[in-house]
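Okay, structure first, notes after.
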Amino acid sequence: MPQSTAIFWPVIAQVALVHGIYFLMMRRRFGAVRAGTAKAQDYRIPTIEPAPSATVARSLINQFELPVLFFLVSILLYLTNGVSHVVLVVAWLFVASRYLHALVHVTSNRLMVRQRLFSLGFVFNLVLWVLFAVHIAA
């Protein structure tokens, strides 16, 4: 596999995480309706949602914040032939941090652990942008 297209494997892994969180949110919402802690109508405009599905819904929203910058820099690195072994390692580290962040978010939801994992992913994302900037400046 060419190194340049290898950047798309962490992208695919990140997209798989988003799909997994969607699936988990659907399961928890259906479970809440079955358990009687929510009604189907509660999800039309979800202002109050049972905690188990609310944390998943918030985790899903998180996947469309910082990861959007990851998707963009991945495409830009590919288009400018800037994919290197270092870029690939940092990209995989970013995705790993997002998986861990999501896991904590939808399980224990320990804020300090979640915040540290978010910060780690933020740094990895920033490093990717710096690597991209250095690449196009060279």
Quick count over region 1-40, residues being over 15 Å from Arg98 (Cα atoms), of a type in the set (S, T, N, Q) and part of a helix (DSSP H, G or I), is 1
If we keep only residues of region 51-73 that are over 11 Å from the mean Cα position of the chain (by Cα) and β-branched (Val, Ile, Thr), then the residue surrounded by the fewest Cβ atoms within 10 Å (Cβ to Cβ) is Thr55
>> Within region 95-106, does at least one residue satisfy the condition of being more than 11 Å from the chain's Cα centre (by Cα) and over 16 Å from Leu60 (Cβ atoms)?
In response: no
Of Leu103, Leu79, Leu66, Leu117, the only residue that is touching a Phe, Trp or Tyr at 6+ places or on another chain (Cβ under 8 Å), among the hydrophobic types (A, V, I, L, M, F, W, C) and either at pLDDT 95 or above or within 19 Å of Thr5 (Cα to Cα) (or both) is Leu66
Restricting region 12-26 to residues that are touching a residue at least 24 places away in the same chain (Cβ under 8 Å) and under 10 Å from the mean Cα position of the chain (by Cα), the one farthest from Ala40 (Cα to Cα) turns out to be Ala13
Subset of region 96-123, residues hydroxyl-bearing (Ser, Thr, Tyr) and buried (at least 19 other Cβ atoms within 10 Å of the Cβ), comes to Ser97
The correct count of residues that are surrounded by 21 or more Cβ atoms within 10 Å (Cβ to Cβ) and assigned to a helix (DSSP H, G or I) in region 74-89 is 3
Do we find that Leu93 is without any contact (Cβ under 8 Å) to a residue 40 or more places away in the chain, surrounded by 15 or more Cβ atoms within 10 Å (Cβ to Cβ), touching a helix residue (DSSP H, G or I) at 6+ places or on another chain (Cβ under 9 Å) and under 25 Å from Pro52 (Cβ atoms) in this structure?
no
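The values are calculated or read from the model by the stated rules, or taken from the named source; none is laboratory data. Everything numeric in this text was worked out from a predicted model, so none of it was measured. Using ideal geometry, Cβ is built from the backbone for each residue, glycine included, and neighbour counts are taken over all protein chains shown.
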